[in-house]
Amino acid sequence: STWGSRMLLLALFAQAIAVPTTSLTDKSLHLNVEKSELIIPPLSADPPVGFVLVGRADVAVDRYQGFTQSLQHELSQNVSAIIVIRPDLDEIDVTLSELEEKYNVTDIFFIAHSMTDGGIICQDYLKQFPSKARGLILLESFLQRKHRPDVPECLSKISVQPVRSLHYPLGFLADHTHDCNGTNVVQYPVPVLTIAGELDGVVRVTRVAEAFYTQRVLSNRTFDYFAVIRGLNHASVFNVTTASQAPPLVASRDLRAEKSVSSLWADIGQTIRAFVVSQLFHETADISRIHEEAADFFDPILEAFVVQEGNWFFTGYDDEHGSSLWAANAQRRLSEPLPPNFVWDNNPTNEFRLTCDEDKIPPYYRQKHRAAVERNGNVLSTSTIAQLRFIEVSVVETAAGLNGWANIKEEKLNILNTLLDDGSDYVSAIEIATKMASRQMVFNVSGVDSPASLDDGNKCQKINQLSYQWALNHSASSSVNRFSTVGVPMSLQPDKTPTIPAGPFWIWSYLEYSQNANQLNVTSYGTFFSTDSNPYGAGTHYCKLLSPARVVEWIYVDGLRAHHAL
């Protein structure tokens, strides 16, 4: 209860409070019981800069005391600081007024830890009242997607659903009704410092990489800065080093820190001080250096998500716009080696589409999309069709494609509405469902002998093995070394064919992940139809592809949980 938590907090601070009081003028550390806020008074008589820290809802404010005192010491190199630690922003205007009236505080920074209350509360408050602060510091949290105008505009379309009629008894929706393709530009009214923990198992660093890409690359918000604290997990901020001390949500998800708590607090403090100095005194050298180090850290993550996968959340693409370079090149990996004297052109292409699109499939009744191979002399060009999958829908639920309402559950619109944006789960796609021409078709177009046996073997497994290797080759060496030591490796298994080898049963059979004590087994579903089979699917080879971005997340975060947990 609220009363019980206040009594607990009061007991915890009974020895630290000389005289119980709610006044901000007392120079000793003290607790405001009515507001459940802990006040760290300034170290000097100079007019202080004010900091309001809002932490996790399941962590008592006193757990942040050590961190904030360390931060205050670091800040003292440039400014005097008074820090107020709160569980929420209830009656925050009263606190801000008291800071101004009793301490002459004119500059305020908000620090938000985690996405369990703190990060969300503070960013929402300053979105509404930007004049209240000089900047927002998101510590192991991030600006949510809702601050990109494209996203709420997209979500507003969810009220428009397929309509059943005599002509369309399976439901009809006009094409482009649910389009959610956009610029992905961020609009937020105050400068933001975002600090990621390299080993944060609760708010994953790959979600912070998405924020980096949208704020700095797409939006050119040069007044926003990013930092990645090496060796930092989630619990160290509030001075917890074992799972038994941590709240259940942290204990079950967090990774193990690789530096001492005091060292990590010093790293965070130096980063916050650099940001504060940049905002108050326009001295940007230190924060720019820290930001560039973060940018270097994010580079391989961006390559995997933006270029190879074409991730919708990074790019602004949707189910009918954009492309995946990995899916484009998959056609070539499937088809090699080519017939003698034949070569590829330099421009493999791919386009995102709903894989169930057909002229008789509800609710859009769009034309079907197929992979293509073309020949110009001895040069071959290719194009493929792909869909990123972020949630799973069963073939029974979709009635093998005849349920228009179920078919659109995998649109970006519904995914944004369904998945939590708190950094707890994967940002990458479960799979890249890819429609390719068969190797037999490639040889057929080349005008050479083209038996069906050209597609024998585990073609999808081979491509997925290359995805795993790509991620190992491109990820940060420190992350790969850690993964090689304590991570659970992936093992790519032989391909499966759907029980019924037909389009709908391939579409709604997902890439399988099965973990045991020693490895994560990954199994693809593939289908092949020879050039002399039913004309509907003749000359195709479809694969459920493992995204390099999913492997990167496994290397950096999820593959460490078994043996490198808190």
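The values are calculated or read from the model by the stated rules, or taken from the named source; none is laboratory data. All values reported here derive from a predicted model rather than from experimental measurement. Cβ atoms come from the backbone with ideal geometry, glycine included; neighbour counts cover every protein chain shown. In case anyone asks, the SASA skips ligands and DNA or RNA and just uses the protein heavy atoms, side chains included. Shrake-Rupley method; radii C 1.70, N 1.55, O 1.52, S 1.80 Å.
So here's what we get for this one:
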| read-out | value |
| --- | --- |
| Carbon plus sulfur fraction of accessible area for the chain, probe 1.4 Å, in percent | 52 percent |
| Cα convex hull of segment 31-153 - mean projected area over all directions, nm² | 7.8 nm² |
| Cys residues of the chain counted as unpaired, since no other Cys beta-carbon is under 4.7 Å | Cys122, Cys356 |
| Antiparallel %, DSSP beta bridges [both residues in segment 101-202], to 5 | 10 percent |
| Helix-only [θ]222 nm of the chain, DSSP H runs n ≥ 4, -39500 (n - 2.57) each, per residue, nearest 500 | -9000 deg cm²/dmol |
| GluC sites (Glu not before Pro) restricted to segment 227-296 and DSSP loop, no more than 14 other C-beta within 10 Å | Glu283 |
| For the chain, size of Cβ-based charge dipole, Lys and Arg +1, Asp and Glu -1, in debye | 800 debye |
| Correct choice for mean projected area of the Cα convex hull in nm² that was computed from the model, options [x] 38.9; [y] 36.4; [z] 28.7 | [z] |
| Cβ-defined net charge surrounding Thr68, 11 Å radius [Lys, Arg +1; Asp, Glu -1] | -1 |
| About the Cα centre, charge dipole magnitude for segment 417-566 (Lys/Arg +1, Asp/Glu -1 at Cβ), debye | 220 debye |
| Binned Cα-Cα distance frequencies in segment 407-566 - 5 Å width, integer % | 2, 8, 15, 17, 16, 15, 12, 8, 5, 2, 1, 0 |
| Accessible area per residue, Å², the chain with all protein chains present, probe 1.4 Å | 39 Å² |
| Beta bridge orientation in the chain: antiparallel %, DSSP, nearest 5 | 50 percent |
| Positive minus negative residues near Leu249 (Lys, Arg vs Asp, Glu; Cβ under 10 Å) | 0 |
| Positive minus negative residues near Phe238 (Lys, Arg vs Asp, Glu; Cβ under 12 Å) | -2 |
| Shape parameters for segment 116-161, alpha-carbon atoms, Rg then Dmax in Å | 13.2, 43 |
| Within segment 167-325: Cβ-based charge dipole about Cα centre, in debye rounded to nearest 20 (Lys, Arg +1; Asp, Glu -1) | 660 debye |
| Given charges at Cβ of Lys, Arg, Asp, Glu: segment 169-264 dipole, positive-most of Val261, Ala235, Phe172 | Val261 |
| Among Ala372, Asn220, Pro337 - extreme Cα towards positive end, dipole of the chain, charges at beta-carbon | Pro337 |
